[in-house]
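First the structure, in the form of structure tokens, and then the observations on it.
The values are calculated or read from the model by the stated rules, or taken from the named source; none is laboratory data. Since the model is a prediction, treat every value here as computed from it, not as a measurement. With ideal geometry, Cβ positions are generated from the backbone for all residues, glycine too; neighbour counts draw on all protein chains shown.
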Amino acid sequence: MRRNKRLSEVVVAEEPIKIDRITPTGQGIGTIKTGEKAGMKVFFWNALPGEEILEYKVIKRTAHFEEAIAEKIQNENPARITPKDEQFLSTSPWQIMTDEYEAELKTSIIKELYRNLVNTDINFHQSAKTYFYRNKMEYALYYDLAEEKIKLAVHARGSHQKIPIKTSSLELPAIWQKANEIVDELNAKHEEARKYQSLLLRANQDGEVSGGLFENGKPHPAFKKLEDTLLGQKYSYSANGFFQINLPVYEDALKRIKEIVDSSSVEKVVDLYSGVGTIGLTVAREKDLTLVEVDKSAYMELVENTKDLPNTTPVLAKSEEVLDYITPDSVVILDPPRAGCDNKLIERLIEVKPKKIVYLSCNPITQVRDVEKLVENGAKIDSLEAFNFFPHTPHIESLISISF
């Protein structure tokens, strides 16, 4: 059997497949009970615990499991609601549940991941807005042959097929409005959708929009910079660079990080994977602060954001290549990409044993892996909490405080 084969096969279950639980990656998991595939696990989108799947579309198949979209369901979970957007499976597959149930599921996922390390309750920080919260959106462009018009689109889950969208409840309204204005301009000029790779737009909290079209075969253009304020501190960033998507809940996380840093009574702070510097500069601006970033464009923004601060040192490097900055009298802030921390960095933390480690993660699975190594070598978990940066998606940001 060919592995990792993507397809779109509709299957009628010989026996209803019951959803046992939600996986950390966001799908409901069930087991085929009868037939030649008996015992095979199926990871279902559009499925909640307790529901029974009667019919589904397979979008990925390997020798050991299938990934699918549930299409006919019985015994619906009481928390199921009607999604706001037709394209919810592509953009925010957890639009199928209430906010309260989403918070419950995400908290239980963190608890399960940390079951061998933490046995206390986990504080879950809900987003102030669960719709219209994203400050960045990238759209595909679709040409409707019948109407002879370009339309905004997204890719269908499990395929490269573009599907046109009529509404979107994820991004700030200013972004959706600007996107439609740009598409109207393209249609007025009778442009072709295939000329463009995508349309990327970003808005600050005041509703100012920057960004634009990416043309196939051409370098990405430089867009007008935006500014936003986090806990009273102003930051400059590029529309197509890295900056947090949901700023109000990010501010909640920054408040907690600042409390942890301040409680350590340490003057030396090392902010690794610092991006444009929003964590370190917000929570430790007055301290002896080192900020490390590997991406050159983000580093240039970091330099700009630190230019009038004599106690800050921006460093262009991989975090695992500047380990001498980590000392016993420092607080280390970690905000790595989804892959987590490099093993060299973890080994340095174990060796040096800094006063405090504050670890914000967009992927709790790799965070647990890293934290387990630290705990096995004498570290103590002081606190663990979750932040809903991305409502109506499976993504969770987890914040953990560690001391030696």
Problem set entry | Test result for VAL368, crowded, with 21+ Cβ neighbours inside 10 Å, farther than 30 Å from LYS224 by Cα and out of contact with any strand residue (DSSP E or B) (no Cβ under 7 Å at 6 or more places or on another chain) | yes
Problem set entry | Filter result (touching a His at 6+ places or on another chain (Cβ under 8 Å) and within 12 Å of PHE124 (Cα to Cα)) within the stretch 88-109 | GLU102
For this session: Search the stretch 86-108 for residues being of a type in the set (Val, Ile, Thr) and in contact with a Phe, Trp or Tyr (Cβ under 9 Å, 6 or more places away or on another chain), and hand back the single one that is nearest to ALA47 (Cα to Cα).
Result: ILE96
Seminar exercise, completed: ASN187 vs (1) in contact (Cβ under 8 Å) with a residue 40 or more places away in the chain; (2) among the polar types (S, T, N, Q); (3) farther than 29 Å from PHE44 by Cβ: all pass except (1)
Exercise. What is the residue count in the stretch 176-209 for residues that are charged (D, E, K, R), under 11 Å from LEU141 (Cα atoms) and not in a loop (DSSP other than H, G, I, E, B)?
Worked result: 2
For this session: Would you list the strands (runs of 3 or more DSSP E) that sit entirely within the stretch 225-290 and hold 3 or more residues that are within 15 Å of ASN204 (Cβ to Cβ) and modelled with pLDDT of 90 or more?
Result: 226-230, 233-237
Seminar exercise, completed: Of the residues in the stretch 138-175 that are part of a strand (DSSP E or B) and among the hydrophobic types (A, V, I, L, M, F, W, C), the one that is surrounded by the fewest Cβ atoms within 10 Å (Cβ to Cβ) is ILE163
Exercise. Is there a residue in the stretch 14-21 that is among the acidic types (Asp, Glu), within 22 Å of GLU100 (Cβ to Cβ), exposed (fewer than 15 other Cβ atoms within 10 Å of the Cβ) and in contact with a Gly (Cβ under 7 Å, 6 or more places away or on another chain)?
Worked result: yes
Exercise. Of a type outside the set (S, T, N, Q), within 30 Å of VAL10 (Cβ to Cβ) and in contact with a helix residue (DSSP H, G or I) (Cβ under 8 Å, 6 or more places away or on another chain) - does that describe any residue in the stretch 163-179?
Worked result: yes
Seminar exercise, completed: Residue set GLU259, GLU304, GLU267, GLU286; condition within 26 Å of PRO364 (Cα to Cα) and in the same structural domain as ALA386 (by TED's automatic domain parsing); output residue GLU259
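Inside the stretch 51-127, counting only strands (runs of 3 or more DSSP E) that do not spill past its ends, which hold 3 or more residues that are modelled with pLDDT of 95 or more and farther than 25 Å from ARG369 by Cβ?
Passing ranges, in order: 52-61, 65-74.
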For this session: Kindly provide the set of residues from the stretch 202-250 that are within 14 Å of GLY277 (Cα to Cα) and buried (at least 16 other Cβ atoms within 10 Å of the Cβ), ordered by number.
Result: ASP228, LEU230, TYR235, TYR237, SER238, GLY241, PHE242, PHE243, GLN244, TYR250
